[in-house]
Structure formats: C-alpha cells, structure tokens
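The values are calculated or read from the model by the stated rules, or taken from the named source; none is laboratory data. Keep in mind that what you see is a predicted model, and the values were worked out from it rather than measured. Every residue, glycine as well, gets a Cβ built from its backbone with ideal geometry; the counts of neighbours run over all protein chains shown.
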Amino acid sequence: SYRKGGYHAVRVGDPFAGGRYIVQKKLGWGQFSTVWLAYDTQSSKYVALKIQKSAAQFVQAALHEIEVLSVIADGDLSNSRCVVRLIDHFKHVGPNGQHLCMVLEFLGDSLLRLIKYNRYKGLELNKVREICRCILIGLDYLHREVGIIHTDLKPENILLSNTIDPAKDPVRCETSPILERPEGNPYTGITMSIIEKKLKKRARRAAAKISGKRSSTGGATTKPDRRLDGIDVQCKIVDLGNACWADKPFAEEIQTRQYRAPEVILQSGYSFSVDMWSFACTAFELATGDMMFAPKGGQGFSEDEDHLALMMELLGKIPKKIAIGGARSKDLFDKYGDLKRIRRLKFWPLAKMLMDKYKFSEADAREFSEFLVPLLDFVPENRPTAKQCLEHPWLSMRRSSVQNETANEMCNNSNIRKVETGIRNLQIRVG
Ligand code: ATP
Ligand code: MG
Ligand code: MG
C-alpha cells in the first residue's frame with residue numbers, strides 16, 4: 001500500500017507542517033491511514049498524527065472526517081470532552097501524492113486492548129459503569145448537539161484518555177547521559193525506548209486498575225483494590241470517518257457486523273438509535289469479555305440470518321411488523337414474520353444468560369439486563385436516547401463486586417464459555 005495513492009512512508013524523526021510536528025513512533029493504522037505519535041514543537045505536547053492515503057476517495061473521506069471533527073472541536077469543551085479533538089490539519093506532499101493529515105489529541109489504548117489485557121474476562125461492573133457513562137456523554141453530544149450518527153461504535157473505536165503526557169513525564173528530569181544519547185529526541189531529551197517502556201508499564205497498570213485485577217503476566221488475580229474504587233475511567237470516542245449527518249445518511253450498509261442494528265440488516269432506514277444498539281453491544285462486551293453477537297453463515301443460511309436468529313434467541317421474537325417491514329425482509333422472513341431458513345430458535349434471555357454463562361449474581365444480572373434490554377428494542381424509536389440512558393439508575397449503582405469477580409474467575413478458568421457456545425451453535429443450526 002506504500003505506492004501512488006496509498007500510504008505515505010514515514011520515518012521516525014520526519015518533520016511535518018514545516019517542522020512543527022516531529023514523528024516519534026507508529027501508533028496504529030487503518031484502511032485509510034497510518035497514525036503516528038508526534039511531538040508538537042509549538043505547544044510542547046505529544047499529538048497523534050493521522051496521515052491519510054493519497055488517492056482521491058481517501059482525500060474525500062479525510063475531508064469529511066475533518067469537517068465533522070472541526071464541528072466537534074468548535075463545540076463547548078465541557079460537552080465534547082468524551083469525543084476526540086482535532087488540533088490541526090494540513091496537506092503533506094510526498095512521493096505517493098498529496099496526503100491530508102489530521103492532528104488529533106494523543107490518546108491511550110482502545111477498549112478492545114483493555115479487554116485483551118484482561119484476558120477476555122470482562123471488567124469489574126463498577127468500571128463498566130464509568131466507561132459507559134463516558135461513552136454516553138460522547139454520544140449524547142454527537143447526537144443532540146452535532147446532529148451526527150457515529151455508525152461505527154465498538155470497543156476498538158473508543159480510546160482511553162492518556163493520563164500521562166510523555167513530555168511532562170518524570171523521565172524528562174533524568175540527567176544528561178540520557179539527554180545526550182544519540183537516539184534521544186532532540187526536542188525533549190527523552191529517549192523513545194524509555195517513553196515506550198513507560199507507556200507500556202502505565203498501560204498495564206491502567207488495565208489492572210480499570211479491571212480491578214492484576215493483569216501482569218503472572219496471572220495472579222486479586223480481590224478488587226478498594227483504593228481504586230474512585231478512579232475516573234475517562235475515555236473518548238474516535239474514528240469519525242464513517243459518521244454521517246442524521247438528515248443525510250449516505251450509506252445503506254453501516255456499522256461493523258457484530259455491532260450492527262437489526263434495521264440496518266433489514267434495510268428499514270436508520271437514525272441515532274443505531275448507535276444505541278452498538279453501545280449496548282459494547283457494554284455487554286466490556287462486562288463479559290465476549291461479543292454479544294458473533295454471527296456466522298452456515299449451510300443453508302447466511303450470516304445475516306444467523307445474526308437475526310441470535311438476536312431473537314436473546315431478546316425474543318422480532319415483532320412481525322418490523323420483521324416484514326424492511327427492503328430486505330422478503331429474502332429473510334416469511335409472511336408470518338418467521339425466519340425462512342432458520343426455524344428452530346433456542347431462547348436464552350439476557351438475564352438468564354448472564355447468570356448461566358457468565359456467573360453473574362442474580363441481582364447483577366437483573367440490573368444489568370434492565371439497563372441493556374431497552375437499548376436492544378427491535379423498534380428503533382423505542383430505544384432510549386443517550387440522554388435518557390444517562391439517567392438510568394444502573395449507572396450510579398455501586399455494589400460490592402467481589403462475589404461477581406470470584407464467580408467470573410471460576411467460569412473463565414475452565415473456559416466453559418467457549419465450549420458452550422460451540423455446542424449451542426451446533427445444536428441450533430444443524431439438522
Ligand atoms: P479504519 O480502517 O478503522 O477506519 P482509519 O484509517 O480511519 O481506520 P483510525 O481508526 O482513526 O484510522 O486510527 C487507526 C488506529 O490508530 C486506531 O485504531 C488507534 O490504534 C490509533 N489511533 C487513532 N487515533 C489515535 C489517537 N488520537 N491517539 C492514539 N492513537 C490513535
Ligand atoms: Mg478505526
Ligand atoms: Mg476510519
């Protein structure tokens with residue numbers, strides 16, 4: 001992809017925007033871009049530099065993302081605090097063409113990484129609540145004040161706020177040998193290897209804090225640390241490249257498969273409430289470590305059909321009017337509103353699943369499902385808005401989670417869940 005129209009090749013130390021930004025290391029990449037940690041010599045801060053591929057369609061996409069991010073950056077800081085901020089943007093000409101570059105605030109690990117650090121066991125519920133509150137504040141802002149639908153909400157697109165600023169980090173104070181080492185950053189005197197080690201260590205520590213467990217390689221788990229009960233788990237919504245203005249949706253197929261709302265599959269039109277569906281899927285994944293829906297195509301049925309079947313097994317039957325009301329309904333449902341090619345559903349309501357499969361206590365399971373189920377209403381208009389959701393009592397509950405922790409451990413150690421899922425799918429879909 002490093003050719004004409006593709007990515008711009010970057011080397012550590014490369015200057016951008018006439019020398020204002022100096023590249024430090026690679027942070028990540030996507031279909032559209034590579035993203036780099038860069039030092040902003042003007043503000044003396046670290047930033048994330050997103051360098052878009054140069055072909056026309058990528059330029060177009062970047063212009064759209066910049067437009068959306070600019071509206072957000074112009075908004076009231078206190079309202080938009082849970083959405084990534086655009087600091088600057090510019091063009092960069094390289095051998096592969098002209099690349100649009102976005103300078104974003106430098107954020108930490110994604111929630112997906114956090115789930116991985118925690119070995120897919122699910123985070124402590126009190127931490128899930130804090131993260132949910134942040135996501136909802138971000139969504140409420142995007143929906144009500146900006147008027148856009150994110151359309152790609154998922155753990156990967158929510159990044160933890162950086163509690164550290166490498167520029168202000170204590171390593172800065174280290175003495176001259178480090179400052180003079182050749183690989184040291186001439187602008188800060190910090191060697192990148194030290195920053196990297198620090199960042200990694202902090203990330204591991206943050207993951208442990210957030211999950212209330214030790215996530216060290218030793219794998220020792222402890223009771224949640226009471227001292228960490230009050231920590232503020234701030235996170236921000238990123239990747240607004242697919243966001244669309246609610247009054248002019250431009251794509252029919254939106255959202256990443258597992259987080260896709262039923263009305264998108266059925267092509268019945270969509271609005272802000274698709275983000276609420278994805279939010280519920282994300283909250284479930286944070287609490288359990290598993291995706292809420294992981295559909296697969298099989299013999300005689302498609303991925304879409306499996307997806308709809310999984311939804312109904314968890315949430316009950318789709319009301320007939322909804323099932324037969326979409327542009328794609330005729331391919332999937334018969335005139336009675338039953339799936340054409342998957343006839344036997346095995347119902348497993350959410351609260352029961354949380355207890356059976358994830359060993360939630362009865363109270364935790366009931367309360368969490370009371371929070372989630374309304375967000376997963378098959379009638380999009382019935383789903384609570386982000387603002388309404390922020391008022392839900394579940395978000396402000398604080399209950400001792402030791403019981404749940406222990407039970408979760410037992411379940412995870414023996415890897416029951418994965419096995420169970422396999423059997424379940426076989427039972428349902430074969431024969
Ligand atoms: P996609 O194919 O997902 O649309 P993309 O090319 O639009 O990708 P992003 O998803 O915006 O790119 O960013 C790619 C990766 O770079 C992210 O997954 C994340 O790891 C990292 N990243 C993006 N923005 C930041 C940031 N502000 N701070 C730190 N890391 C970031
Ligand atoms: Mg992305
Ligand atoms: Mg993107």
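Taking the numbered list (1) polar (S, T, N, Q); (2) closer than 30 Å to residue 161 by Cα; (3) in contact with a Lys or Arg (Cβ under 9 Å, 6 or more places away or on another chain); (4) surrounded by fewer than 23 Cβ atoms within 10 Å (Cβ to Cβ) in turn, residue 268 passes all entries but (2). Annotation note: Cβ proximity below 7 Å between a residue of the range 244-255 that is under 10 Å from residue 148 (Cβ atoms) and a residue that is exposed (fewer than 15 other Cβ atoms within 10 Å of the Cβ) and not charged (D, E, K, R) (sequence gap 6+ or interchain) occurs for 244/250; 245/147; 246/147. Being touching a helix residue (DSSP H, G or I) at 6+ places or on another chain (Cβ under 8 Å), in a helix (DSSP H, G or I) and either within 16 Å of ligand 2 (Cβ to nearest atom) or among the hydrophobic types (A, V, I, L, M, F, W, C) (or both) is a description that does not apply to residue 123. If the condition is being more than 15 Å from residue 135 (Cβ to Cβ), of a type outside the set (A, V, I, L, M, F, W, C) and more than 13 Å from ligand 2 (Cβ to nearest atom), then the range 230-260 contributes 230, 247, 248, 249, 252, 253, 257, 258, 260. Within the range 139-153, residues that are under 19 Å from residue 283 (Cα atoms) have Cβ atoms under 6 Å from residues that are among the aliphatic types (A, V, I, L, M) and away from ligand 1 (no atom under 16 Å from the Cβ) in these pairs: 139/386; 140/386; 143/386; 149/246, counting only partners at least 6 apart in sequence or on another chain.
Which residues, taken from the range 246-273, are farther than 20 Å from residue 305 by Cβ and modelled with pLDDT of 95 or more? Listed by number, the residues that qualify are 269, 271, 272, 273. The sole residue among 27, 86, 100, 69 that is more than 11 Å from ligand 1 (Cβ to nearest atom) and under 26 Å from the mean Cα position of the chain (by Cα) is 100. Among the residues that make up the range 274-292, is at least one of them over 18 Å from residue 372 (Cβ atoms) and surrounded by fewer than 24 Cβ atoms within 10 Å (Cβ to Cβ)? No, every residue in the range 274-292 fails to be over 18 Å from residue 372 (Cβ atoms) and surrounded by fewer than 24 Cβ atoms within 10 Å (Cβ to Cβ).
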